[in-house]
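Data block below; observations after.
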Amino acid sequence: MNRAEELEAFLDRTPFAQYLGLRCEIMGDEMTTVLPFQDKFIGNAAIKALHGGCTGAFLELTAMAQVFLQSELSRPPKPINITIDYLRSAKGEDLYARAIVHKLGRRMASVRAEAWQAEREKPVAALQAHFLVAENG
Amino acid sequence: MSNEDDKDALLYELMRKNAPKIMNNVPWAKALGFELTGIERGRAFAKVAWREDLVGDPDSGVIHGGVLTALLDNLCGVAANTALREPKSMATLDLRIDYMRPAEKGRDILAEAECYHLTRNVAFTHAWAYHETREKVIATAAGAFALNDISKWASGNEAVEYARKMMGESSS
């Protein structure tokens, strides 16, 4: 199995990724994740906006998957901390995200991810995260 | 008691009375099984039970961090709401989560949030997720919420009506 297949196999057997219905499109070491909209993702029913915690979970999974894709890890990297900036209200529509690994060290990885909907240039949220990538961590 | 105090107490009482329903009105909180277990002025408490479909690491059975993100985000928002002196609409500006230790398989996660400062435009909050007591902390959060004045489009009784709707109470 190549790295992309290993990532897909891992996501296939991760209950929370299945619960979200997360999909990923992998081209070499580049990946775009897709979160097809479901009614349960709503946070504010009055304005039909996605829950911040849903966007956050999606970004965290995206960042985690990107680290996995670019590393030799056999298990998912463990999050140390994350910061999410909410930039715009996310509508009740599909979400897309991409992550960039700024630094992949022996123990830590620093990652930035952005989620958008209709326009790539108008992200709805951005995430900065640190992960533990040491196998014995 | 002045009129201001009356309105102030009314809002908080409205939240207290509707506490069990608050999370149920948020589809994502309901889907993940969040339960609001109590509120005080500026504080909120919640619980989420371990569930197979929320697991992020199939080998260890640890709940995915994203579930904690949603829980602490939501709870910080509720805590900020209990601190408000007038109904305002609220949106998360940013949220930082520090993961201290993984949540243990099969165990309930408890959480509490505190709104420790409030300005006209921003509510500052902290939150903790843990097993049993805060000594066994799983994650901590710091969240800032942007507050939007709704008095321009809803004044007096309308504002209280908006608050009622937010809490899923039908107008009487």
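Descriptive notes on the structure:
- Positive-pole candidate from A:Gln18, A:Leu132, A:Gln66, dipole of the range A:3-132, charges at beta carbon: A:Leu132
- Viscosity 0.890 mPa s, temperature 25 °C, Stokes-Einstein D of the range A:3-132 from Kirkwood C-alpha radius, µm²/s: 167 µm²/s
- A simple charge model with +1 on the Cβ of Lys and Arg, -1 on the Cβ of Asp and Glu and nothing else charged puts the dipole of the range A:3-132 at about 440 debye relative to its Cα centre.
- Cβ-placed point charges (K, R +1; D, E -1), dipole of the protein assembly as shown about Cα centre in debye, nearest 20: 300 debye
- Placing a label point 7 Å from the Cα of B:Arg101 along the Cα-to-Cβ line, the residues of the range A:68-82 whose backbone N sits under 18 Å from it are A:78-81.
- Choice from A:Pro36, A:Pro15, A:Pro77 showing the highest fluctuation, given a GNM over chain A with Cα pairs closer than 10 Å: A:Pro15
- Cα centroid separation, the range A:77-94 to the range A:1-68 (Å): 11 Å
- Anisotropy class of the range B:1-137 from Cα gyration tensor, a/c 1.5 cut: prolate
- Relative to the longest principal axis of the Cα atoms of chain A, the long axis of helix A:52-70 makes an angle of roughly 30 degrees.
- The C-alpha atoms of chain A define a longest principal axis, and helix A:3-12 lies at about 50 degrees to it.
- Estimated inter-spin distance, B:Tyr116 and B:Glu86, nm [label 7 Å along Cα→Cβ]: 2.8 nm
- Annotation: the protein assembly as shown has a Kirkwood hydrodynamic radius of 19.8 angstrom, from the mean reciprocal C-alpha pair distance.
Any read-out appearing in this document is the output of simple, stated calculations on the displayed coordinates, not a laboratory observation. All of these numbers come straight from a predicted model, not from anything done at the bench. Ideal geometry is used to build each Cβ from the backbone, glycine not excepted, and the neighbour counts take in all protein chains shown.
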